[in-house]
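Q: Sharing a structure, written as structure tokens. Questions coming.
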Amino acid sequence: MASGPHYRIELADRSAHRYHVTLTLPQPAADQQFSLPVWIPGSYLVREFAKHLSGLTARQGHRVVEVAQLDKASWQVSCAPDAGALTLSYDVYAFDASVRTAWLDDERAFFNPSSLCLRAHGFEGEAHHVELAGVPGGWHVATEMPPQEAGWQAADYDELLDHPFEVGPHWQGEFEAAGIRHRIVVAGAWPSFDGQRLLHDVKRICETQIAFWGAAPFKQYTFMLWAVEDGHGGLEHRASTALICARRELPTATEPSTPGEGYVRLLGLFSHEYFHAWNVKRLRPAEFARFDYQRENYTELLWFFEGFTSYYDELMLLRAGLVDAPRYLKLLAASVNGVLASPGRRVQPLAQASFEAWTKYYRPDENSPNTTSNYYAQGALVALCLDLSLREQGASLDQLMSRLWQDTAGGPVSEADILSAVRALGGERVAAALHRWVHGTDELPIRELLTTAGVDWRDEGRQTVAQRLGLRVRESALTGITVSHVLAGGAAQAGGCQARDEILAANGWRLRRLDDLPALLPAGCTTLRLLASRDQRMVELSVDLPAAQAAAVALALADAVSPARQRWLGA
């Protein structure tokens, strides 16, 4: 019998959202330890998966063995020598509507093994076998874990954790990209879902990205998409990705030939997670050469691995012919406007934001926009600036990515490696600029670089009242106006507004919509007298309403023909 762990995962009680797991270890150590990961690679937050584990028992042969818990996610079993295999049994509650953990109900089963599969210490390098039980008739299993007799087998524990399972009566379709089999499975779609359109468009993304990198690092690939009422996100794996989207983002029979905003957003998600198969699953931070699943794993490089991937996800839609250059610039402008609306970009350097993702990015609060930068969106703008700067030197970000891939053989990379490659392609000035952009808080030279590249930067629209005041609010005719964020340096902060304030009235008038405020001011007056409810008490605030300015940046192709723009955008 093989010495590696064997997991029998039973869909035990779909109504109670309960998996039952039986773990068999043929040759346990005398004091055999087990642990469940506290996080999943690709999502930098301690999620405490063990909180859903219950009823852990152990047997060795016919003998019940005591299980001692060592900490929040670790256990030890004292085994008798030569008494045979050790069998652990336990339940896992699974009702998290995300791509990071596990789900089970009457319509669908999904799990990442990091949520269900205990790690048998000392056996991590052995083959790990998975068997499913209790799968209803008519349900299908989708995973890229290599199939074996009566189940699936991963080469080691790391590979086990890198293969999610999607199980259910889902829709599925296939295509070949660069000669490689790809599969899309979709659960929860509307009856009008146009699967053939999705297959056609995602195929173009995959072919474009494989050509970009030169080859695919996997033998086949699966996209697992769950369509829900409201949601959006993904988690990358070595040969698959788990995705979640709002149903309204799916293409239907009425989807125009030019994809709508929701569908473009979904295609961008497919593009983002697929790009990760190279940039983070293979080419990855040096600190992630080996994962420690029991605690935070720190790196300062998420601006590169998430941010640069965020730059390429929409650029690949352009290169695949799914959007044109004006549409791409509209998408890019949305990223620019999102970053410029957050004061935290001038407070937290991107390298620090990467390192502190565990406590800040993934645990946001009402003050987060004032003190944190977004290594996804802002990192993408650093990639844009680096790409345009390298192009001025006759190189490109494409060449940088290819060079890093070749130099590391698709493996771990450090910031020193990145800067060295930038220096070789663009010179010391560009390398020094990149270092400033990720370790400092000065504004990025986006406007100057885009102008040089043949793109016009234009002011667009007028600010809403919330933007003029420096507020973010939740409002409706039924619930009124509640402050969610007070932005640093804004008029609302100067006037004493606080998050969670409910704004009831202004200048003696009942208020239901913040944009009604200007109508309540006499001619020539800019002072608002706000009445707010704060912790069941009424407070009066005096706030000056600044003049409206341009609300956003718009990007457009300049009229003059630009060879630089042609090389970058093909337009």
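Q: Sort out for me the strands (runs of 3 or more DSSP E) sitting completely within the range 431-527 that have 1 or more residues that are touching a helix residue (DSSP H, G or I) at 6+ places or on another chain (Cβ under 9 Å) and in the same structural domain as Phe304 (by TED's automatic domain parsing).
A: Here the list reads 455-462.
Q: Of these, Tyr312, Tyr263, which one is of a type in the set (Phe, Trp, Tyr), touching a helix residue (DSSP H, G or I) at 6+ places or on another chain (Cβ under 9 Å), surrounded by 20 or more Cβ atoms within 10 Å (Cβ to Cβ) and outside the structural domain of Leu400 (by TED's automatic domain parsing)?
A: Checking each option against the conditions leaves just Tyr263.
Q: Only residues that are closer than 21 Å to Leu45 by Cα and either touching a strand residue (DSSP E or B) at 6+ places or on another chain (Cβ under 8 Å) or not in a loop (DSSP other than H, G, I, E, B) (or both): list them for the range 371-388, please. Give the steps one after another, and end with the answer.
A: Taking the range 371-388 as the starting set, the residues that turn out to be closer than 21 Å to Leu45 by Cα are 371-379.
Answer for the range 371-388, where residues must be closer than 21 Å to Leu45 by Cα and either touching a strand residue (DSSP E or B) at 6+ places or on another chain (Cβ under 8 Å) or not in a loop (DSSP other than H, G, I, E, B) (or both): Thr371, Ala377, Gln378, Gly379.
Q: Could you identify the single residue in His170, His129 that is in contact (Cβ under 8 Å) with a residue 12 or more places away in the chain and farther than 25 Å from Asp292 by Cβ?
A: Numbers: His129 fails: farther than 25 Å from Asp292 by Cβ.
After ruling out the rest, the residue left standing is His170.
Q: Can you work out which of the residues in the range 554-569 that are over 11 Å from Val455 (Cβ atoms) and charged (D, E, K, R) is farthest from the chain's Cα centre (by Cα)?
A: Once the filter is applied, the top-ranked residue is Asp559.
Q: Report whether or not Gln406 is surrounded by fewer than 16 Cβ atoms within 10 Å (Cβ to Cβ), more than 25 Å from Val339 (Cβ to Cβ), out of contact with any strand residue (DSSP E or B) (no Cβ under 9 Å at 6 or more places or on another chain) and not aliphatic (A, V, I, L, M).
A: So Gln406 fits the description; yes.
Q: Which one of these is surrounded by fewer than 18 Cβ atoms within 10 Å (Cβ to Cβ) and in contact (Cβ under 8 Å) with a residue 24 or more places away in the chain: Gly321, Gly344?
A: Result: Gly321 is the single residue among Gly321, Gly344 that is surrounded by fewer than 18 Cβ atoms within 10 Å (Cβ to Cβ) and in contact (Cβ under 8 Å) with a residue 24 or more places away in the chain.
Q: Do we find that Leu25 is crowded, with 16+ Cβ neighbours inside 10 Å, closer than 16 Å to Asp91 by Cα and assigned by TED's automatic domain parsing to the domain that holds Ser89 in this structure?
A: no
Q: Scan the range 289-300 residue by residue and report those that are surrounded by 18 or more Cβ atoms within 10 Å (Cβ to Cβ) and closer than 20 Å to Asp417 by Cα.
A: Correct list: Thr299, Glu300.
Q: Within the range 430-439, identify whether any single residue is closer than 21 Å to Ala325 by Cβ and among the aliphatic types (A, V, I, L, M), and answer yes or no.
A: no
Q: While we're on this one: Among the residues of the range 194-210, count how many are surrounded by fewer than 22 Cβ atoms within 10 Å (Cβ to Cβ) and either aliphatic (A, V, I, L, M) or not in a helix (DSSP H, G or I) (or both).
A: The qualifying residues number 3.
Q: If you scan the range 136-152, which residues turn out to be in contact with an Asp or Glu (Cβ under 9 Å, 6 or more places away or on another chain) and either among the β-branched types (Val, Ile, Thr) or not in a loop (DSSP other than H, G, I, E, B) (or both)?
A: His140, Val141, Ala142, Thr143, Gly151, Trp152 - these are the residues of the range 136-152 that are in contact with an Asp or Glu (Cβ under 9 Å, 6 or more places away or on another chain) and either among the β-branched types (Val, Ile, Thr) or not in a loop (DSSP other than H, G, I, E, B) (or both).
Q: Please specify each residue of the range 51-81 satisfying the condition of being out of contact with any Pro (no Cβ under 9 Å at 6 or more places or on another chain) and not in a strand (DSSP E or B). Outline the logic, then answer.
A: Taking the range 51-81 as the starting set, the residues that turn out to be out of contact with any Pro (no Cβ under 9 Å at 6 or more places or on another chain) are 51-59, 61-72, 74-76, 78, 80-81.
Scanning the range 51-81 gives Lys51, His52, Gly61, His62, Glu66, Lys72, Ala80, Pro81.
Q: Same structure again: Out of curiosity, is Ala189 of a type outside the set (Phe, Trp, Tyr), surrounded by 15 or more Cβ atoms within 10 Å (Cβ to Cβ) and under 28 Å from Leu45 (Cα atoms)?
A: No.
Q: Could you tell me which of the residues Glu166, Glu159, Glu124 is assigned to a strand (DSSP E or B) and among the charged types (D, E, K, R)?
A: Working: Glu159 fails: assigned to a strand (DSSP E or B); Glu124 fails: assigned to a strand (DSSP E or B).
Selected residue: Glu166, the only one of Glu166, Glu159, Glu124 that is assigned to a strand (DSSP E or B) and among the charged types (D, E, K, R).
Q: Report, by residue number, each residue of the range 424-442 that is farther than 12 Å from Ser389 by Cα and either under 25 Å from the mean Cα position of the chain (by Cα) or surrounded by 14 or more Cβ atoms within 10 Å (Cβ to Cβ) (or both).
A: Hits for the range 424-442 are Ala424, His435, Trp437, Val438, His439, Gly440, Thr441.
Q: Would you confirm whether any residue within the range 246-268 is under 27 Å from Asp156 (Cα atoms), in contact (Cβ under 8 Å) with a residue 60 or more places away in the chain and not in a helix (DSSP H, G or I)?
A: There is no residue in the range 246-268 that is under 27 Å from Asp156 (Cα atoms), in contact (Cβ under 8 Å) with a residue 60 or more places away in the chain and not in a helix (DSSP H, G or I).
Residue-by-condition table, conditions (1) under 14 Å from His52 (Cβ atoms); (2) touching a helix residue (DSSP H, G or I) at 6+ places or on another chain (Cβ under 7 Å); (3) buried (at least 17 other Cβ atoms within 10 Å of the Cβ):
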{"residue": "Trp103", "(1), (2), (3)": "yes, no, yes"}
{"residue": "Ala109", "(1), (2), (3)": "no, no, yes"}
{"residue": "Cys117", "(1), (2), (3)": "yes, yes, yes"}
{"residue": "Gly122", "(1), (2), (3)": "no, no, no"}
{"residue": "Pro136", "(1), (2), (3)": "no, no, no"}
{"residue": "Gln148", "(1), (2), (3)": "no, no, no"}
{"residue": "Gly151", "(1), (2), (3)": "no, no, yes"}
{"residue": "Tyr157", "(1), (2), (3)": "no, no, yes"}
{"residue": "Leu160", "(1), (2), (3)": "no, yes, yes"}
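Q: Still on this structure, I have one more. Picking from Arg363, Arg391, which residue would you name as being touching a residue at least 12 places away in the same chain (Cβ under 8 Å) and not in a helix (DSSP H, G or I)? Give the derivation first.
A: Working: Arg391 fails: not in a helix (DSSP H, G or I).
Every option except Arg363 fails the conditions.
The values are calculated or read from the model by the stated rules, or taken from the named source; none is laboratory data. From a predicted model like this one, the values you see are computed outputs, not experimental measurements. All Cβ positions, glycine included, derive from the backbone under ideal geometry; neighbour counts span all protein chains shown.
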